[in-house]
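Bear in mind these aren't lab numbers, they're just calculated from the coordinates by the rules spelled out. Quick caveat: nothing in here was measured; it's all calculated off a predicted structure. We place every Cβ from the backbone using ideal geometry, glycine too, and count neighbours over all the protein chains shown.
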Amino acid sequence: MEKKPKNRIILLTGKGKGKTSSALGMVLRAVGHGMHICVIQFVKSCSNTGEARALQCLPGVEHLLCGNGFVSPSDTAEKRAQHCCSAAEGLRLARLRLENPEIHMVVLDEICSALHLNLLTESDVLDLLASTSEGKIIILTGRHAPHSLIAIADTVSIIEDAKHGLQHGIAAQPGVEF
C-alpha cells in the first residue's frame, strides 16, 4: 500500500521583519522546482508593491489580494464588515486552492494577523487546514499566531527584530519594506 504524502505546515510569526519575505523565498524555491503556487494575502490590499510585481513575473504563481488594507480600532461597523468579508473570501479561495491537486504550495500571508484582528475565526482556519488534500505545502504568516496553529505546524519560526531602521528614522524603502 502506497503511503500518502503528509501536508507540510510552516508557520512564520513574531514581531520582526521578514515573515512574508521568508515565505516568498520558499515560493521562489518552489518555482525553481516547477511547482504551482498560490499566494493569498489577507489584510494587505496594495498591488503596486515589489513583491506583487515580482509574483506576476513568476511562472506557475497565482497572487490574490484578499484584504482592504490597515484595520483600525476606529473603523466603522461597515468598514469592519468589509474587512471580514474580504478575509472570508480569502479563506474561501484558499479552500479551493488547497483542494486543487495541481497546486503544490499555498501561502496564507498575514492569516495570523487576520485571526488576531478577529476577521476570521480560529475554528474556521483549523477546519481549512484539517480538510486540505494531502501532499500540500502550506505556509502561514503574520504576527500573533495562536497556540493552536503553533501546535499543528511542523515548522515554526518566530521572527524578532534585534534592531530595525524604522526605529532610527529610516523611512520605508522600495526593495526593503515594500
Could you sort 117-126, 100-109 so that the peptide with the highest average Cβ count within 10 Å comes first and the rest follow in order?
-> 100-109, 117-126
Relative packing of 146-157, 63-74, 36-47, which averages over residues the other C-beta atoms within 10 Å, highest first = 36-47, 63-74, 146-157
What list do you get for CYS85, CYS112 if you sort them by fewest beta carbons within 10 Å?
-> CYS85, CYS112
Taking 0.36 nm per residue of separation between GLU62 and ASP75 and subtracting their Cα-Cα distance, the length gained on full extension comes to 1.7 nm
Express in nm, to one decimal, how much length is gained between GLU122 and LEU96 on full extension, taking 0.36 nm for each residue of separation and deducting their alpha carbon distance.
-> 7.5 nm
1/(1 + (r/R0)^6) with r = Cβ-Cβ of ALA171 and GLN82, R0 = 22 Å, i.e. FRET efficiency to nearest 0.05, evaluates to 0.15
